[in-house]
Amino acid sequence: MSFVEVDEVSRVFHKRSLFSKSQGVQALKNVSLSIQQGETYALVGESGSGKSTLARIVVGVDNASSGQVSIAGHQISTSMPKENRRDIQMVFQSPYASLNPRWRVHDLVAEPLRAFGITQGRKATVQRVTELLEQVGLQADDARKFPHQFSGGQRQRISIARALSSNPKFIVCDEPTSALDVSVQAQVLNLLKDLQSELGLTYLFITHDLAVVKTMAHQIGVLKQGVLIEEQSADDLFASPQHQYTKDLLAAAPVLSVA
Amino acid sequence: MIARWLDSDFVYSLLRTPTALISLIICLVLAACALFAPWIAPTDPFDMSSIDLMNGFTPPGVANEFTGEQFFLGSDDQGRDLYSAILYGLRVSLFVGFASVILAMTLGVTLGLLAGYLGGWVDAVIMRIADIQMTFPSILVAMLIYGVARGILPPNARADMAITVLILSIGLSEWVSFARTVRGTTIVEKQKEYITASRLIGLSHLNIMARHILPNVINPILVIGTITLALAIIAEATLSFLGVGAPPTEPSLGTLIRVGQDFLFSGQWWIIFFPAVTLLVLALSFNLLGDWLRDFYNPRLS
């Protein structure tokens, strides 16, 4: 059994209304995928394809309507025991909305440390936060600042430091670079890649940008209107896409030639 | 710390908005007057033994024709020093105002957070109650609560409980504006990704509401709180003026105005004039301060 198993997951959103019969919107339809430990699985799809819904289900902040997710042998749901949550973390799309603007960087990064009781005492927490900040390329002094004092790329680094603080084995990256400049995108992607080889992390990488996928992914899944229409290893998918939609996606992506 | 605070945008904007600065100074001076009334006031207006009926109706700044005593702002029909009475009245008005705003704020923020965060039927129930209450003028709601509370209390407890009942009735009539604002901001905040970040490490909803959402809804609360304070002071004065508020043994500015009204047409203008001006200045200052706060925190509105 693979490290991450998504088994026949469906999600229907009900629009509750007082005056009309409830109508369901099917965001995910029987999606199954598996991720090997230490690998990156890239989930590609356009807006509204159900990528983020799947991410929320995988990290256990939303429940599947049917089907199940297991990570490292633990069943994932909103009501799963807290200690099982340590292994799973997430890096978000918006560098602005993903950090509470009222909290200092220290408190943001230390929140998972406190929540799981990882460090004992203030001194140990400060030391761990410093280590984490340096690990993602920030400075110890930055702990005293507020998020608004950083650029978008630096904020994503804070987000990554927070995600690393609970020593996770699996990180869901929900379009972590789509709000950044191209040059900064590369830096953040390189950081994520370095961390993966250093810490043996497993990634579920959600994106609509195929250029990003090419540098990161081992395995690629294409999601369209809630259905996983194609799944291949990265090399195979770029070489011989099977589905027409995948071909269109590849054709539509701007070609980057690296000199 | 202080240097950094003095250098902040807040202080910068305050120092460059004369209306706000003057309002703040007036608010602080009046609050200090209220706080230190026992030391500032020349006489204790509630000490019956110090009051001489012969001093009644002394105009401001003129010596009494029988006793020769002078009063800065004149005296009332009982010979009470009006200046002292206003200082003590300010104390009651401000205390009732602050206490009822704190009550309204606590209630409104809690209910607004719950409604916005939990949604569903909790939201529906809380906001429908708020909507219903909004259709009545708040002074009417306050009078209703006041009447019910008076009815429940035994007669001998009524005088002692008058101030508490007053705070309760104003507080319960003003919570809606807090709840509506907090609910709106909460709905926006709870969809942001930092809430998901806390959810996925298994933090409780209570924890998220108190430590993540509450700090982000506090600015509009300060603005509404300041403006509601002005409203609460006026509401207290209105209730007292109508005779259902602060008892004559603990006169607020409203009670003084009601007493003074009896002598308006017999020429003793100062008995109503000075308490009324104090009330006006107090309410106006808090209102202007609130307006500035609103503009400061949300420049798009102006």
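Quick check: the angle from helix B:155-173's long axis to the longest principal axis of chain B, C-alpha only, nearest 10 degrees?
50
Per residue, how much accessible area does segment A:4-252 show when a 1.4 Å probe rolls over the protein heavy atoms, in square angstrom?
So segment A:4-252 comes to 45 Å² accessible per residue, rounded to a whole number.
Can you give me the orientation-averaged projected area of the convex hull built on the Cα atoms of segment B:3-71, in nm²?
7.3
Taking every DSSP beta bridge with both residues inside the protein assembly as shown, roughly what % is antiparallel (nearest 5)?
55
Taking A:Lys224 as the anchor, which lysines have their alpha carbon closer than 26 Å to its alpha carbon, excluding any fewer than eight residues away along the same chain?
Straight-distance partners of A:Lys224: A:Lys15, A:Lys29, A:Lys51, A:Lys214, A:Lys247, B:Lys192.
Taking the Cα centre of each part, how many Å lie between segment B:175-226 and segment A:120-166?
Between the Cα centre of segment B:175-226 and that of segment A:120-166, the gap is 24 Å.
Toward the positive end of the charge dipole of chain A, about the Cα centre and with charges on Cβ (Lys, Arg +1; Asp, Glu -1), which of A:Ser77, A:Ser233, A:Leu195 goes farthest?
Positive-most Cα among the choices belongs to A:Ser77.
Can you send over the solvent-accessible area of A:His218, 1.4 Å probe, protein chains only, in Å² to the nearest 10?
80
At a cut-off of 40 Å², which residues of segment A:81-120 become less accessible once all protein chains are present than in their chain alone, using a 1.4 Å probe?
A:Arg85, A:Phe92, A:Ala97, A:Asn100, A:Arg102, A:Trp103, A:Glu111
At 7 Å along Cα-to-Cβ for each site, give me the label-to-label distance between A:Glu198 and B:Asp262 in nm.
8.3
Quick check on chain B: helices-only [θ] at 222 nm, where DSSP H runs of length 4 and up contribute -39,500 (n - 2.57) each and the sum goes over total residues. Nearest 500, please.
The helix contribution divided over chain B gives -23000 deg cm²/dmol.
Need one number: nm distance between label points at A:Ser70 and B:Ile40, each 7 Å from Cα along Cα→Cβ, rounded to one decimal.
7.4
In segment A:115-234, what % of DSSP beta bridges are antiparallel (nearest 5)?
Here the share of antiparallel DSSP bridges comes out near 55 percent.
Which number do you get for Rg(Cα) / (2.2 N^0.38 Å) in segment B:66-204?
1.54
Using just the Cα positions, wrap chain A in a convex hull and report its mean projected area in square nanometres, one decimal place.
Details: hull surface 63.9 nm².
Over every viewing direction, the Cα hull of chain A projects on average to 16.0 nm².
In square nanometres and to one decimal, what's the mean projected area of the convex hull around the Cα atoms of the protein assembly as shown?
35.2
List, in order, the whole-Hz ³J(HN,Hα) value for each residue of segment B:17-23 obtained from phi through the Karplus relation with A = 6.51, B = -1.76, C = 1.60 and θ = phi - 60°; use x for Gly and Pro.
Result, rounded to whole Hz: 10, x, 4, 5, 5, 4, 4.
Once R0 is set to 60 Å, what does the formula 1/(1 + (r/R0)^6) return for the Cβ-Cβ distance between A:Glu134 and B:Asp47, expressed as a FRET efficiency to the nearest 0.05?
Calculated transfer efficiency: 0.30.
Report in % the part of the accessible area of segment A:7-96 that belongs to carbon and sulfur, leaving out ligands and nucleic acids; probe 1.4 Å.
44
Starting from the residue with the highest accessible area, list B:Arg211, B:Arg128 in decreasing order, probe 1.4 Å.
Output order, biggest surface exposure first: B:Arg128, B:Arg211.
Any number yet on Rg/Rh for segment B:76-301, C-alpha, Kirkwood?
Working: Rg = 20.5 Å, Rh = 19.1 Å.
My calculation of the ratio gives 1.07.
Taking all protein chains together and a probe of 1.4 Å, list B:Leu229, B:Leu15 from the most accessible to the least accessible. Working shown, then result.
Details: B:Leu229 10, B:Leu15 105 Å².
Sorted by accessible area, descending: B:Leu15, B:Leu229.
At the nearest 100 Å², what buried accessible area, both sides summed, do you get for B and A when the probe is 1.4 Å? Don't skip to the answer; put the middle values down first.
Numbers: alone 15990 and 13220 Å², together 27360 Å².
That pair of chains buries around 1800 Å² in total.
Would you calculate the separation in nanometres between label points at B:Arg4 and A:Asp209, each defined as 7 Å from the Cα along the Cα-to-beta-carbon direction?
Taking the two extended label points, one gets 3.4 nm.
Heavy atoms only, 1.4 Å probe, whole protein assembly: order B:Cys33, A:Cys173 by accessible area, highest first. Don't skip to the end; give the middle numbers.
Working: B:Cys33 30, A:Cys173 0 Å².
If we order B:Cys33, A:Cys173 from most to least accessible, we get B:Cys33, A:Cys173.
Can you list the lysines whose alpha carbon is less than 16 Å from that of A:Lys169, not counting same-chain residues fewer than 8 positions off?
A:Lys82, A:Lys193
When the accessible area of chain B is computed with all protein chains present and a 1.4 Å probe, what percentage of it is carbon and sulfur?
Roughly 69 percent, rounded to a whole number.
Using the heavy atoms of the protein chains and a 1.4 angstrom probe, tell me the accessible area per residue for segment B:195-259 in square angstrom.
About 32 Å² of surface per residue is accessible.
So how exposed is A:Arg11, as accessible area in Å² (1.4 Å probe, rounded to 10)?
40
The values are calculated or read from the model by the stated rules, or taken from the named source; none is laboratory data. Here the structure is a predicted model, which is why all the values come from computation and not from measurement. Note that we place each Cβ from the backbone using ideal geometry, even for glycine, and neighbour counts take in every protein chain shown. Just so you know, the surface numbers come from the protein's heavy atoms only, side chains and all, with ligands and any DNA or RNA stripped out. Shrake-Rupley method; radii C 1.70, N 1.55, O 1.52, S 1.80 Å.
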